[in-house]
Amino acid sequence: MQNIPLPAKRRLVLLERLLSAYKEKTITSQKIQELTGWTSAVVRRDISWIDVKCGATNGYKVAELKAALVKFFNLEQTEQRCCIVGLGRMGQALLDTSELFESSFKIVAGFDSSVNKTEVLSSAFPLHPTTLMKKIIKEEAISFAILTVDPEEAQPMTELLLECGIKGIVNYTPCVLTVPKGVSVENVSLLTALSTLAIQ
């Protein structure tokens, strides 16, 4: 999987999500093109990366293609534990997210440098001061962090997360994070997304 280009990985993950809501038994690369805007040639090339054998005379068998994608990306593997770091407006908005409910990802802890926030905010999982991050991340076997701190805290907090053994960060800050090889960062930015749209 490491040899697959990142754009192809992202499209395949989105394809799995698309198929989760698709009601027909088969789907063609042309239909995927209509639904996503990707060309049918790109769709076929992306699917070829997973060496799937679920073709049908009139397209791909949806159930088998989805199962192949889930297996390929280990989306049904043992629960993957996550934490939120930063409980400002963005962090608070993510406390009650339902997007992860039916996935293998589970948010099990939240952290903030303000002890007051960790005491007064309501959440389905425990909230802790950042002074306890090393202890809690180790005890809870947390692998991924969702970073929503203020810009000036972004890199220092990232370095602390690296010390804690975090292997992947979803970065909601406007900063470009410096991480070593082997640690993945997925940047989520409304401004970047809109800027990308504007230059297409």
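The values are calculated or read from the model by the stated rules, or taken from the named source; none is laboratory data. Bear in mind that the values here come from a model prediction, so they are computed numbers and not experimental data. Cβ sites come from the backbone with ideal geometry, for glycine too, and all protein chains shown count toward neighbours. Surface accessibility is based on the protein's heavy atoms, side chains included, excluding ligands, DNA and RNA. Shrake-Rupley method; radii C 1.70, N 1.55, O 1.52, S 1.80 Å.
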Hits in the range 41-59 - residues which are more than 17 Å from Pro5 (Cα to Cα) and either modelled with pLDDT of 90 or more or open to solvent by 40 Å² or more (accessible area, probe 1.4 Å) (or both): Lys53, Gly55, Thr57, Asn58
So Gln80 passes all but one of these: (1) more than 30 Å from Gly110 (Cα to Cα); (2) modelled with pLDDT of 75 or more; (3) of a type in the set (S, T, N, Q). Which condition number does it fail? (1)
In the range 134-169, how many are in contact with a Cys (Cβ under 6 Å, 6 or more places away or on another chain), in a helix (DSSP H, G or I) and open to solvent by less than 20 Å² (accessible area, probe 1.4 Å)? 2
Name the residue, out of Gly59, Gly86, that is closer than 26 Å to Thr173 by Cα, touching a strand residue (DSSP E or B) at 6+ places or on another chain (Cβ under 8 Å) and of a type outside the set (D, E, K, R). Gly86
Which residues, taken from the range 5-39, are more than 19 Å from Ala67 (Cα to Cα) and at pLDDT below 90? Pro5, Leu6, Pro7
Among (1) among the charged types (D, E, K, R); (2) in contact with a strand residue (DSSP E or B) (Cβ under 6 Å, 6 or more places away or on another chain); (3) open to solvent by less than 70 Å² (accessible area, probe 1.4 Å), which single condition is Glu16 missing? (2)
Of the residues Phe101, Phe105, which single one is open to solvent by less than 80 Å² (accessible area, probe 1.4 Å) and aromatic (Phe, Trp, Tyr)? Phe105
Of all residues in the range 76-122, count the ones that are under 17 Å from Lys134 (Cβ atoms) and in a helix (DSSP H, G or I). 2
Hey, Lys66 surrounded by 13 or more Cβ atoms within 10 Å (Cβ to Cβ) and basic (Lys, Arg) or not: yes
Out of the residues in the range 170-183 that are open to solvent by less than 80 Å² (accessible area, probe 1.4 Å) and of a type in the set (S, T, N, Q), state the one that is modelled with the highest pLDDT. Asn171
Flag if Lys71 is more than 19 Å from the chain's Cα centre (by Cα) and farther than 30 Å from Leu160 by Cβ: no
